[in-house]
């Protein structure tokens with residue numbers, strides 16, 4: 001079947017045309033974007049440079065941070081450009097590419113959350129066998145499997161989506177290209193593609209959610225049997241912060257992608273998507289890493305090293321300046 005696409009560009013409406021709101025949105029999104037990149041890059045550097053953090057938990061966190069930086073970079077830079085300019089069009093190729101990577105990295109995010117939950121379950125419930133079970137080869141295999149599953153689950157529906165003919169309206173009421181508004185614009189039967197995206201969303205979201213919830217139920221059950229109240233409180237504090245991330249991610253995505261009424265989804269997914277696209281990647285580094293005592297100590301040590309190197313390198317230059 002030959003591709004009958006006539007529309008070569010799509011028009012993204014974004015959020016508003018009111019000038020002062022656009023400037024406010026630009027500043028907020030720019031701050032969120034830079035903080036997200038800084039936070040996740042810090043996690044990657046600190047966990048790589050500190051040997052005692054070369055463990056499965058931080059190996060998964062490094063991959064998670066890479067995914068988060070990629071995920072927020074899918075739409076936010078383009079949105080920042082649109083807020084400062086009148087250029088709101090996006091080519092069909094760029095639009096479909098954006099849809100693919102949004103699903104690819106989004107699915108990867110949920111797969112890694114499930115893997116990280118299982119890793120915490122093994123660490124807490126089987127501490128003496130942890131290093132034997134979660135050996136490096138298995139960790140690499142799990143991460144590679146996540147990338148492969150995410151790629152295949154994203155590639156299959158996008159191939160069908162690009163085959164749809166778009167020969168009429170090209171206006172997308174969103175700040176980015178998404179499958180739902182694109183399917184709504186197609187001028188042929190879209191039932192199969194819509195159903196395909198829905199089935200993949202249900203399998204990925206509910207499948208990984210079951211793994212996450214089951215792992216934390218086991219963890220909570222094990223923690224309740226700990227004799228130390230301090231240990232129980234510390235573990236419950238960690239679990240509660242992790243559940244905040246899970247609630248935000250799964251809640252927003254279930255709201256956007258698993259709804260029976262297509263028109264209702266088109267009306268509200270723009271507002272909810274910004275939560276998933278911008279806010280969650282910002283919160284994740286602070287919730288998963290910076291509240292961790294080992295990470296805090298590693299940050300202090302790494303920061304101290306960099307300050308010492310800077311003082312040593314700037315010392316001779318300062319001394320020469322004083323002599324002159």
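Nothing in this text is a laboratory measurement; each read-out follows from the coordinates by a stated rule. These numbers come from a predicted model, not from an experiment. So basically every Cβ, Gly included, is an ideal-geometry build from the backbone, and we count neighbours across all protein chains shown.
For the pair the range 200-252 and the range 74-121, the centres of their Cα atoms are 25 angstrom apart. Peptides 124-134, 203-213 ranked from most to least packed, by the mean per-residue count of other Cβ atoms within 10 Å: 203-213, 124-134. Note: relative contact order over the range 14-301, using C-alpha pairs below 8 Å and six or more positions apart, is 25 percent.
With the simple model of a label 7 Å out from the Cα in the direction of the Cβ, residue 85 to residue 132 spans 6.0 nm.
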